[in-house]
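Colleague: Have a look at this one before I ask anything.
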There are 2 protein chains.
Amino acid sequence: MKTYLDCLPCFFRQALGATRAATDDERIQREVMDAVAEMIPGFPLEITPPEIAQEVYRAVYRITENDDPYREAKKQSNEKALSLYPKLKRIVADSDDPLLTACKLAIAGNSIDLGPQVEQYDLDSVIESTLDSPLAYDDYPEFRRAIESASNVLYLADNAGEIVFDKLFIAELCRDRKLNVTVVVREKPIINDATMEDAESVGLNALTTVITNGSDAPATILSQCSSQVRQLYHSVDMIIAKGQGNYESLSDEAANIFFFLRAKCPVVAVPLKVGVGDAILKGGGNIQ
Amino acid sequence: MKTYLDCLPCFFRQALGATRAATDDERIQREVMDAVAEMIPGFPLEITPPEIAQEVYRAVYRITENDDPYREAKKQSNEKALSLYPKLKRIVADSDDPLLTACKLAIAGNSIDLGPQVEQYDLDSVIESTLDSPLAYDDYPEFRRAIESASNVLYLADNAGEIVFDKLFIAELCRDRKLNVTVVVREKPIINDATMEDAESVGLNALTTVITNGSDAPATILSQCSSQVRQLYHSVDMIIAKGQGNYESLSDEAANIFFFLRAKCPVVAVPLKVGVGDAILKGGGNIQ
């Protein structure tokens, strides 16, 4: 997906949010805003939004001398999500279609995002409304068919906290299926994206294989990923990609891929004819 | 009021909105965004937001070669508001406290703003909810006392469309009182702010004196105003200032002034302990 002009003010707003999380020094905050403003004329809109966001966040981290401003927020997200885990597990087990319920919860968990979204969210109410509503973009039947014939799945995680929902989803995927699921997290902290430390802290490694992607982009930019990740991407039967960053970076790539996300802004929502905040389960690439 | 770092992404977003209203040429749209980005490091945060917004919009109008991109939107706002006028007049006349109802409607009309607000609004539902709710910031008792002893009032208008609500409010103010009300509109088109053309098209001139302020700021920046406006500002018994721009530019000025606005963003809402979208009737300056 290309970058829209609408993304430029959003990068600017995100830079301010991350800068404030990194430092209380208003002089440094202003310095970051000016630096990001000066970068804007150099951004080609032909590249994907996360490729630009990566440059913006790198500038924030360099100038504030803080390379993980959302460290504490990520920890809290993991703890909050873990506290919900037993209840969510029961909801999945008790539902008419446990796989669909686990899909919906995986999407609801994508609300834990400190990047693009403007509106505040309340996790409990997002979970409730996502479970109670049909998917706004619904390729669940195609996903269900695809998963039944898959053996090897690459699972591209998105955010801290959200990976607890991923853990629940992966447990449900593997319950009655012989699936080999490899979860990919970011190499280094970027926004509140999940890293190996987050995966370990929520016990995802005990359930399945977790690897890092070799990149600090808030997305999966294949050219930046490790050869292991790229090889898996092109060899697995199926890819599950969580979150808007992975959607933005991979929506034009050919693959047997399914995107699970909440639409965070009109740039993604409008072309898919859904509302901001809506739940999306969208097949892409080869299944189109 | 000084400018906050939060205002910088907002100027950027506003520039994009105005640019898109001015031209469909994406090359020019990008040119504007880059030009605004390049201006940002030069903005001193010690000045008020509308002083910066004025520079931003001037750049938009210069680069797009369109000095009134919201001309059609303003016309439609006036027509929509005029179509509601008879109904609103009856609501005021039938209410227990017609002055309070007219105050609330004057604030509801401030939702017609194409500048800072992010969320879309539906005018009819804003009117309904404003009438049904208490004012979130409520200096109505002070305002009521002040108006009873006033003879000369300066009324600083804000937006097109909204001036129909101002007309209704001024008619109510003058109904049983010997008041001399002078309405001030912007000298030149800026965003969707009301100019003399708008005042004439909604018949405000037939009701009271209307003058222009000598400035193209989306606010009342006294140093830019005509000597007539400045003289009136310092000599009248009372000033009524509509909208967030006038609040941002005059909240630190000494005067017997009352601000009527909907809070468009957290920068204004948070310090006043109200929510975004809330109705504010706030005394300022000498009445504090």
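The values are calculated or read from the model by the stated rules, or taken from the named source; none is laboratory data. Predicted, not measured: the structure shown is a model, and the values here were computed from it. FYI the Cβ positions are ideal-geometry reconstructions off the backbone, even for glycines, and counts take in every protein chain you see. What goes into the accessible areas is simple: the full protein's heavy atoms, side chains included, and nothing from ligands, DNA or RNA. Shrake-Rupley method; radii C 1.70, N 1.55, O 1.52, S 1.80 Å.
Colleague: One decimal, nm, shortest first: give the distances between the label point of A:PRO98 and those of the same position in the other copies, each label point 7 Å from Cα along Cα→Cβ.
Modeller: 7.0
Colleague: Ok, one more. If the elastic network links every pair of Cα atoms under 10 Å, which of A:GLY109, A:GLY277, A:GLY203 fluctuates the most in the Gaussian network model of chain A?
Modeller: Looking only at A:GLY109, A:GLY277, A:GLY203, the largest GNM fluctuation is found for A:GLY203.
Colleague: Let me ask you something else. How many percent of the accessible area of the protein assembly as shown is carbon or sulfur, using a 1.4 Å probe? Walk me through the numbers before you get to the answer.
Modeller: Details: 10930 of 23080 Å².
The nonpolar share, carbon plus sulfur, comes to 47 percent.
Colleague: Distance between the C-alpha centers of segment A:209-288 and segment B:167-228? Whole Å please.
Modeller: Measuring centre to centre over Cα atoms gives 53 Å.
Colleague: Please name whichever of B:LEU123, B:ALA199, B:LEU272 sits farthest to the positive end of the charge dipole of segment B:71-285, dipole taken about the Cα centre and charges placed at Cβ: Lys and Arg +1, Asp and Glu -1.
Modeller: In segment B:71-285, that residue is B:ALA199.
Colleague: Using a 1.4 Å probe on the heavy atoms of the protein chains only, list every residue of segment A:40-54 that has 30 Å² or more less accessible area in the complete assembly than in its chain alone.
Modeller: When all protein chains are present, A:ILE40, A:PRO41 each give up 30 Å² or more of accessible surface.
Colleague: Moving on to the next point. Got the A:ARG145 label distances to the other copies yet, label 7 Å along Cα→Cβ, in nm, shortest first?
Modeller: 7.4
Colleague: Just to confirm, what accessible area per residue do you get for segment B:7-64 at 1.4 Å probe, in whole Å²?
Modeller: Details: 2180 Å² over 58 residues.
Using a 1.4 Å probe on heavy atoms only, each residue of segment B:7-64 averages 38 Å².
Colleague: While we're on this one: Whole number in Å², please: accessible area per residue of segment A:71-285, 1.4 Å probe, ligands, DNA and RNA not counted.
Modeller: Values: 8410 Å² over 215 residues.
I get 39 Å² per residue for this part.
Colleague: Calculated from DSSP H runs of 4 or more alone, at -39500 (n - 2.57) each and per residue, what is the 222 nm mean residue ellipticity of chain B, nearest 500?
Modeller: -15000 deg cm²/dmol
Colleague: Among DSSP bridges having both ends in chain B, what percentage is antiparallel? Round to the nearest 5. Present the calculation step by step, with values, prior to reporting the outcome.
Modeller: Working: 8 of 28 bridges.
Here the share of antiparallel DSSP bridges comes out near 30 percent.
Colleague: Please give the charge dipole size of the protein assembly as shown, origin at the Cα centre, charges +1 on K and R Cβ atoms and -1 on D and E Cβ atoms. Round to the nearest 20 debye. Write down the numbers at each step before the final one.
Modeller: Values: 58 positive and 88 negative charges, 85 e Å.
Charge dipole of the protein assembly as shown: 420 debye, to the nearest 20.
Colleague: Normalised by the empirical 2.2 N^0.38 Å for globular proteins, what value does the Cα Rg of the protein assembly as shown take?
Modeller: On the way: Rg = 27.0 Å, N = 576, 2.2 N^0.38 = 24.6 Å.
Normalised Cα radius of gyration, the protein assembly as shown: 1.10.
Colleague: Further, regarding this structure: Given a 1.4 Å probe and no ligands, DNA or RNA in the count, how much accessible surface is buried by B and A, both sides, to the nearest 100 Å²? Display every interim value, and only then the final one.
Modeller: On the way: alone 12400 and 12420 Å², together 23080 Å².
Summing both chains' loss of accessible area gives about 1700 Å².
Colleague: Any chance you could check segment B:10-39 for residues losing 20 Å² or more of accessible area when the partner protein chains are in, compared with the chain on its own (1.4 Å probe)?
Modeller: B:PHE12, B:LEU16, B:ARG20, B:ARG30, B:MET33, B:ASP34, B:ALA37, B:GLU38
Colleague: Roughly how big is segment A:165-285's charge dipole about its Cα centre, with Cβ charges of +1 (Lys, Arg) and -1 (Asp, Glu), in debye to the nearest 20? Let's see the in-between values first.
Modeller: Details: 12 positive and 14 negative charges, 57 e Å.
Its charge dipole is roughly 280 debye.
Colleague: Convert each backbone phi in segment B:238-252 into a coupling constant with the Karplus relation 6.51 cos²θ - 1.76 cosθ + 1.60 (shift: θ = phi - 60°), then list the ³J(HN,Hα) values in order as whole Hz, x for Gly and Pro.
Modeller: Per-residue couplings from phi come out as 7, 10, 10, 10, 9, x, 6, x, 5, 5, 4, 8, 10, 5, 9 Hz.
Colleague: Return the sequence-ordered ³J(HN,Hα) values of segment A:70-87 in whole Hz as given by the Karplus equation 6.51 cos²θ - 1.76 cosθ + 1.60 applied to θ = phi - 60°, using x for Gly and Pro.
Modeller: Rounded to whole hertz, the list is 9, 3, 5, 4, 5, 4, 5, 4, 4, 5, 4, 5, 5, 5, 8, 3, x, 5.
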